Amino acid sequence: LSAGMYRIAVELANTPPNRDRGLMFRESMAENSGMVFVFERDAAHCMWMRNTLIPLSVAFLAADGRVLNIEDMAPQTETSHCAARPARFALEMNQGWFAQRGIGPGDRIGGVEELRPER
């Protein structure tokens, strides 16, 4: 995937078991790496951090890759962080990754529009 000039290596969470597990139990993640969650339909999807050990930022994305909102999430919490509007994707990166690069609502993440969920 790409965000402006940044190339991102992402793991794909496009099945129910992969979406449920997400980044749980990991102790670190490389700088320009993340996980993209591919949902079956646009909805106000929510994320939480149960059993997730590293602080993350999540960008909720529309079907065309446009950033709807970005939420910072604290490790090992069950607070719900939700899309501001119906989203098709959620991209989790190390906390602060988007802010450090000036990426925010309205910006576009390229490459996600071709991703499809599996059942």
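The values are calculated or read from the model by the stated rules, or taken from the named source; none is laboratory data. None of these values were measured; they are calculated from a predicted model. Please note: Cβ atoms are built from the backbone with ideal geometry, for glycine as well, and neighbour counts cover all protein chains shown. For accessibility, only protein heavy atoms count, side chains too; no ligands or nucleic acids. Shrake-Rupley method; radii C 1.70, N 1.55, O 1.52, S 1.80 Å.
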Compute the relative contact order of region 1-64 as a whole-number percentage, counting only Cα pairs closer than 8 Å that sit 6 or more residues apart in sequence. 34
Per DSSP H run of n ≥ 4, the term is -39500 (n - 2.57); total these for the chain, divide by its residue number, and report the mean residue ellipticity at 222 nm rounded to 500 deg cm²/dmol. -1500 deg cm²/dmol
State the volume of the convex hull built on the alpha-carbon positions of region 1-72, expressed per residue in Å³ and rounded to an integer. 98
With label points built 7 Å along Cα→Cβ from the Cα atoms of Asn69 and Ala43, find their separation and express it in nm. 1.8
Using a simple spin-label model with points 7 Å from Cα along the Cα→Cβ vector, what separation in nm is obtained for Glu11 and Arg116? 2.4
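Whenever you get a sec, line up Arg7, Arg66 from highest to lowest accessible area (probe 1.4 Å, protein heavy atoms).
Arg7, Arg66
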Carbon and sulfur %, accessible surface of region 40-80 computed with the full protein complex present, 1.4 Å: 44
